[in-house]
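Participant: I'd like to ask some things about the structure below.
All of the numbers you see were taken from the coordinates with simple rules; none came from a lab. Please read these numbers as outputs of a predicted model, since none were measured by experiment. A quick note on method: Cβ atoms are made from the backbone with ideal geometry, for glycine too, and the neighbour counts reach across all protein chains shown.
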Protein chains: 2
Amino acid sequence: MQKVSEYVGYLLVQVTKAHRKVAETGLHDFGLYVGQELILFRLEEQDGMTQSDLADVLCVEAPTVTKGLQRMEAVGMIERRQDPSDARVSRVYLTPKSRQLIEPLRELWAEVEQKTIKGLSEPEVMLLQRLLLQILENLSDDKV
Amino acid sequence: MQKVSEYVGYLLVQVTKAHRKVAETGLHDFGLYVGQELILFRLEEQDGMTQSDLADVLCVEAPTVTKGLQRMEAVGMIERRQDPSDARVSRVYLTPKSRQLIEPLRELWAEVEQKTIKGLSEPEVMLLQRLLLQILENLSDDKV
DNA sequence: CAAAAATAGTTAGACGGCTTAGTATTTAGA
DNA sequence: TCTAAATACTAAGCCGTCTAACTATTTTTG
């Protein structure tokens with residue numbers, strides 16, 4: 001092993017930072033912050049999800065969801081209503097305002113993806129996906 | 001293009017989050033937070049760097065460096081001294097305490113890297129590096 | 001059935017990261 | 001030389017993320 005700056009891990013961090021930056025720029029035009037669009041995508045699949053389920057599918061902790069939703073609710077991007085059968089549960093819904101954004105947001109993601117994999121061949125992209133999934137498994141593994 | 005959750009960009013975010021988590025766990029044993037170890041590595045290459053140079057090589061903004069250094073200085077991990085010939089410049093130095101950590105930290109990074117690329121062949125790793133570098137260029141490109 | 005345990009959310013506060021605005025200080029230019 | 005511009009850093013405040021601690025509710029269980 002040589003320099004840390006040549007490690008796959010280091011490259012991943014740099015690349016993801018660049019990716020975030022690009023996505024961020026586009027999202028701001030919609031009044032959203034990175035990650036909030038993923039909440040909308042999930043709600044579009046299943047409106048009225050609970051916050052816990054949202055945290056699970058997004059792979060983040062509950063407080064992260066709470067904060068994000070509070071901000072999104074403040075600007076009318078989502079709505080929260082208590083579950084009628086379980087007073088602990090709060091369900092999250094899209095609003096007309098955010099429903100309108102779903103399509104443009106999907107287009108934004110598609111554009112960012114195009115920019116990301118520009119110049120890579122189809123087989124290269126597929127291989128890359130396979131390798132990234134393998135790494136994701138490796139890193140999620142509790143063993144050393 | 002299909003689901004966002006199959007995009008390379010989305011995978012990158014997930015993978016990097018997992019990588020951060022693994023690195024974080026190890027770093028906490030040294031009393032460090034993610035990213036701070038990179039500052040130490042850079043200082044080990046060139047002790048007495050200016051904060052601006054540090055920000056440049058780490059690809060972060062000046063305030064990010066300022067904050068991180070303030071925290072590290074508070075726990076004796078680095079030391080800042082004003083440049084004698086330019087009163088605006090503050091130069092950053094390792095301390096005996098942090099100098100001792102360099103080697104163990106390098107080992108930690110090597111371990112995390114091993115875990116990251118576990119199961120990948122040599123050619124696969126090299127290809128992956130090439131693809132990630134290509135993506136980094138793509139995303140750093142100002143053009144659409 | 002009542003007490004203990006599990007579950008769902010929130011709050012507080014830490015971190016890295018950013019932008020914007022501000023302070024010194026140094027350099028460049030009229 | 002004296003002012004204007006550039007540079008180096010800091011402060012404040014926002015974002016996503018996390019952990020730890022807390023409240024309220026529901027479920028389990030003795």
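Participant: I need the full set of residues from the stretch B:51-81 which are within 11 Å of DNA strand D (Cβ to nearest atom), closer than 23 Å to A:Y10 by Cβ and among the basic types (K, R), in order please.
Facilitator: Result: B:K67, single match.
Participant: What number goes with the only condition from (1) in contact with a Ser or Thr (Cβ under 7 Å, 6 or more places away or on another chain); (2) at the interface with another protein chain (Cβ under 8 Å from one of its Cβ atoms); (3) in contact (Cβ under 8 Å) with a residue 24 or more places away in the chain that B:V89 does not pass?
Facilitator: Of (1) in contact with a Ser or Thr (Cβ under 7 Å, 6 or more places away or on another chain); (2) at the interface with another protein chain (Cβ under 8 Å from one of its Cβ atoms); (3) in contact (Cβ under 8 Å) with a residue 24 or more places away in the chain, only one is false for B:V89: (2).
Participant: Still on this structure, please answer the following. Would you pick out the residues in the stretch A:29-78 that are within 13 Å of DNA strand C (Cβ to nearest atom), crowded, with 17+ Cβ neighbours inside 10 Å, away from every other protein chain (no Cβ under 14 Å) and under 14 Å from A:T95 (Cα atoms)?
Facilitator: Across the stretch A:29-78, the qualifying residues are A:M49, A:L69, A:M72, A:I78.
Participant: Keeping to the stretch A:92-144, report how many residues are buried (at least 16 other Cβ atoms within 10 Å of the Cβ) and either in contact with a His (Cβ under 7 Å, 6 or more places away or on another chain) or touching a residue at least 24 places away in the same chain (Cβ under 8 Å) (or both).
Facilitator: So the answer is 13.
Participant: Okay, moving on. Of all residues in the stretch B:33-51, count the ones that are assigned to a helix (DSSP H, G or I) and without any contact (Cβ under 8 Å) to a residue 24 or more places away in the chain.
Facilitator: Number satisfying all stated conditions: 3.
Participant: Among the numbered criteria (1) over 29 Å from A:D142 (Cβ atoms); (2) of a type in the set (D, E, K, R); (3) in contact (Cβ under 8 Å) with a residue 12 or more places away in the chain; (4) surrounded by 13 or more Cβ atoms within 10 Å (Cβ to Cβ), which single criterion is violated by B:R81?
Facilitator: Here B:R81 meets the rest and fails (4).
Participant: A:L101 versus (1) under 30 Å from B:L128 (Cβ atoms); (2) aliphatic (A, V, I, L, M); (3) more than 10 Å from DNA strand D (Cβ to nearest atom): which is the lone unmet condition?
Facilitator: For A:L101, the failing item is (1).
Participant: Further, regarding this structure: Tell me, which residue of the stretch A:79-114 that is among the small types (G, A, S) and within 15 Å of DNA strand C (Cβ to nearest atom) is nearest to A:L43 (Cα to Cα)?
Facilitator: A:S90
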